[in-house]
Every structure is written in C-alpha cells, then in structure tokens.
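Just below is one structure, and these are the notes that go with it.
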Amino acid sequence: MAAVKFPQNGVAAGELNKMLQDLKSGDMAWRDARAFSMVFRAGEDVSRVVADALAAYVFENGLSPFAFPSLLRMETEVVAMTADLLHGGENAAGNMTSGGTESIMMAAKAARDYAREKKPGIKEPELVMLRSAHPAFNKAAHFLGLKTVIVPVSDASEVDLAEYRSAFSPNTVFAMGSAFSYPHGIIDPIAEMAAIAAGKGVWFHVDSCVGGFILPFVEKLGYPIPPFDFRVPGVTSMSADVHKYGYVSKGASVVLYRDVELRKYQLFVYADWSGGVYATPCISGARPGGPVAASWAVMKYLGYEGYLRLAAEAMKATQLLMEGISRINGLYIIGSPKATTFGVGSKSLNVYAIGDKMKQRGWHIDSQHLPPSLHFTVSPMHLKVVDTCLKDLQETAQEVSAMKPEDVSGDAAIYGMIGSLPDRAQAKDITTQYFNDLYKTG
Ligand SMILES: Cc1ncc(COP(=O)(O)O)c(C=O)c1O
C-alpha cells in the first residue's frame, strides 16, 4: 500500500523549485565532471541550446506529423544528418527514438519481420550477439520472441571469428556487432562480422549507440579507427544515440537502415481502429517533441567543426587517463579501446573497493564484471579533472593494496559477491528481488 497520498492542496511554484533542488542534492555530481557514466556533456553553451530547444517544444507531441509538421521536418533532418555522418548513402532511412534500447528494439523488429516475410520457414528466429553486446539486445530478443545465441569474448573483449561464424544457424535472422561496446569501448571487427552475416543472408546491425557521434570525428582526427559504418558492405542497420556523444539530454537516438524499403518492417500500422487509421514508426504512441528539437538544434549549433573540436578534447582526456592509469601499480586497461570508453581491470587489487573509495572522494565510477573492472566513458568536460582523478586513483589503489580481502565491505563486497556467483539464475533472482524492493512506494 502506498504511504504517500495524493496531495490535497497545491504547493506554490517557487516552493516547488526549492523542493526540486533539495531533492536533487543527493544525486550524482555530474556537473563538475566527477562522473564517468550517465551524462555526456559538452559545456554550458551546448547545455543552454538544449534547454532552450526543450523549452520551446515542451508540450508538442510527435505522434502526429500532421499536427506538428515542424517536428516531422526536424526528425527527418536529424536522421538525414546522422545518415550523412555514417555514410548511409542516398537510400538510407530511419527514425528518431527515445534511446539506444528503442533503436535496437526497432532494428530487431524490422529484421524479424523481414525474415517472417522472406524466410517464412523460420519458426524459431535467432539473434547472434556477443557477450559484450549491450543488454538492449537481450531485452529486444525477450520482447520480440527471438532466441539469443551469445558468442563469448576473450578477457581482452575480443571475439573469435570462427566462433562467431559457427553461432549462425538456419534460424538466424539478426546478428550484431558493437562500434564500440559499452563495457570496454571495444570496436568489434565489423567488416569481418558483417561479411559472415552477409554470406549467410542475415541482417547485420552495428550498435553505435555510444560510438555513432564520436567515432566519425575521432577517425577524422587521424586516430586509427577500423571501418564500422555503412561503408562496410553487409551492414544493414545502425543505432546511434544523440543523447550520448551527440550531447543532447536523454530521450534522443537514431535508428538507420541502409535502404528505405527495410524501414517498412519497423513500422506499426492499424487501419481498423474506431479512432481512425493509426500508424507509428517506433514503440511509443505520444512522443515528446523536446528531444527532437534539441537534437536538431545541437547539430546545427555545433556543426561538424564543433563536434570535431569536442572529440579532440574527449580523446585527449581519454589518452591522458589511460596512460596515467596504466602507470598505477596493479591496474591495467582491458583490451585495446580505440576511442573514449575503456574499462580498468586488475589481477591483484579489488577494483570494486577502489570504486568505493573513489566514491567517498566524490567520484562516480561504475563497477562491471566478467572480468571485474571499473568503467570510464570520457566526455570533453573531463579534460579539466584528469590530474585530480589520476591522483585519487593512485592513492585509492595504494589504500586498497594494503587491505585484506575480509576488509572489503559495503557496495564493493555486494557487487563482488553477485558478480562471482557461479549460479547466474541465483544472481538474476537476487537482482529481481532487489529491484522490486528498490521501487517500493511505501
Ligand atoms: C553500446 C550501447 N548500446 C545500447 C545502449 C542502450 O542505450 P539507452 O540506455 O539509451 O537505451 C547503450 C547504453 O549505454 C550502449 O552503451
């Protein structure tokens, strides 16, 4: 039973603002660049452009392109600009969605429905994915009735292409690679993986949710980035999140198809509703106009040159951090990340305990497992905190090296325990119970 009751009387607007600020005071401190996940930020000027565009479209509803033609225009322009960046060619098409998960869900739906039409003999469709792929693929498979075939990756987060090839079966309808992956920032061998999928006549998706708006610029800056976008034959669809390195607030992603004909399989149309013919491109019905307007505005505001400058700053911060961390006794960078995300592992130190101690010093660094590691996604704003971050990491690593295993407590101990449980079904049960309790209303 909910303990909080519906309010009887209203609260004055000024008072509400104060209440909101009080509520926020315990949240993650992202404004001063002490967080390495969750918020991507370019600077105050870009934040203002975002806020103004959101405010201008705060109530507009993207459900109807006829009622709000300006939203239709901005969405198609954002999709076209993204397709241009990712070498989509003139037949490319796509839509804006609420985020990476929805973009991946839409591509998976399109691939499944395409296979339903072209390969009706497949009754139990399968998705071939890597262990390092974002769980949005598992979620899409769960919602869409696809069986996941999960290919392992090495401790350096690399896929064995022979294993990848052997994961395909006559039932495979959707395959993927990441450019780059979230946990360790690894660009999968997209050209080779897409060729394997194409050889088997399977739809291949590149998940560039994090990489889509930074890799093209990192490549332009002269860093060695292997081909990862529509230039690669066999790439059928892509996802790229504007709310990550596009520097827009949450609720903005793009799903792209090599050919506009493929996008048809993504759409939902119901022609027999008493409320009229109903058609939506993505999952949501009503769609907030703000994220569309903000995406359009930031792309216009920064332009290619602006994004290039920001990518140079983010890369500089990343390289300084990776070099500094590699020099800290006991820590190493996992695999060969090529851009602005990386994972930090250790063979001798409890990295979760380092994460906890960094938290006590005001940093927010996520813990990961398989293998145990800390996660860094670096934004341009991190350039100014590189030295303090390295100093704190150095000191906390030293403190942890003096700890005995039984001294590890708190979040680090809990995360370590769940991460290392041999029975993963038990880990799932514990997490389900934990989440159910977390969102309790009373
Ligand atoms: C590689 C990758 N794909 C997909 C997603 C899912 O994106 P979202 O959280 O916007 O749904 C993420 C999120 O971090 C990601 O890093």
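Each reported figure results from applying straightforward, stated rules to the coordinates on display, with no laboratory input. The structure presented is a predicted model; accordingly, all values stated were derived computationally and were not measured. Virtual Cβ from ideal backbone geometry, glycine too; neighbours counted across all protein chains shown.
Okay, here's what the table says:
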| read-out | value |
| --- | --- |
| Sequence-distant lysines (8 or more away, or on other chains) whose Cα lies within less than 23 Å of K316 | K220, K244, K338, K384, K391 |
| Loop-resident sites, region 111-143, for trypsin sites (Lys or Arg not before Pro), counting at most 15 other Cβ within 10 Å (DSSP) | K123, R131 |
| Percent RCO, i.e. relative contact order, over region 311-431, from Cα pairs under 8 Å lying at least 6 residues apart | 29 percent |
| Rounded to 5, the percent of DSSP beta bridges in the chain classed as antiparallel | 60 percent |
| Full-stretch length increase - D27, Y434 - with 0.36 nm per residue and alpha-carbon distance subtracted | 144.5 nm |
| Fewest-first ranking of T101, T236, T431, using other Cβ atoms within 10 Å as the exposure measure | T431, T101, T236 |
| Within a Gaussian network of the chain (alpha carbon springs, distance under 10 Å), most fluctuating of D387, D356, D429 | D429 |
| Within the chain, longest stretch free of exposed chymotrypsin sites (Phe, Trp or Tyr not before Pro) [DSSP loop, at most 13 other beta carbons within 10 Å] | 67-272 |
| Convex hull volume of region 311-431 per residue (C-alpha atoms, cubic angstrom) | 114 Å³ |
| Cross-link partners of K347 among aspartates and glutamates (Cα-Cα below 15 Å; sequence separation of 8 or more within a chain) | D155 |
| Helical segments meeting 20 Å axial Cα length and Kyte-Doolittle -0.5 threshold in the chain (DSSP H) | 69-85, 290-326, 386-401 |
| Virtual paramagnetic centre 7 Å along Cα→Cβ of K139, amide N under 16 Å, in region 11-51 | 38-39 |
| Theoretical FRET efficiency, 1/(1+(r/R0)^6), r = Cβ-Cβ of K123 and S154, R0 35 Å, to 0.05 | 0.55 |
| Cβ-based charge dipole, region 292-442, positive-most Cα from L331, P380, P422 | P380 |
| Within a Gaussian network of the chain (alpha carbon springs, distance under 10 Å), most fluctuating of A108, A93, A29 | A29 |
| Hydrodynamic radius of region 53-299 per Kirkwood, over alpha carbon pairs, in Å | 18.2 Å |
| Region 53-299: antiparallel DSSP beta bridges as a percent of all, rounded to 5 | 50 percent |
| Linear extension gain, S166 paired with K250, 0.36 nm per residue minus alpha-carbon span | 26.5 nm |
| Estimated dipole of region 311-431 in Debye, rounded to 20 [Cβ of Lys and Arg +1, of Asp and Glu -1, Cα centre] | 300 debye |
| Neighbour-limited loop hits for GluC sites (Glu not before Pro), region 86-175 (at most 11 other Cβ within 10 Å; DSSP other than H, G, I, E, B) | E90 |
| Residue among N17, N138, N61 with the largest mean-square fluctuation in a Gaussian network model of the chain, springs linking Cα atoms under 10 Å | N17 |
| Sorted by Cβ density within 10 Å, fewest first, the residues R424, R34 | R424, R34 |
| Charge dipole (the chain, unit charges on Cβ, about Cα centre) - positive-most of C282, A51, S253 | C282 |
| Q360-A191 FRET efficiency (beta carbon distance; Förster radius 45 Å; 0.05 resolution) | 0.50 |
| Candidate lysines for bridging to K264, where Cα separation is under 24 Å - those fewer than 8 sequence places away on the same chain excluded | K109, K118, K119, K123, K139, K147, K200 |
| Per residue convex hull volume, Cα atoms of the chain, in Å³ | 183 Å³ |
| Per-residue Cβ neighbour rank within 10 angstrom, fewest leading, V4, V408, V151, V260 | V4, V260, V408, V151 |
| Gain upon complete extension [A12, M403; 0.36 nm per residue less C-alpha separation] | 135.6 nm |
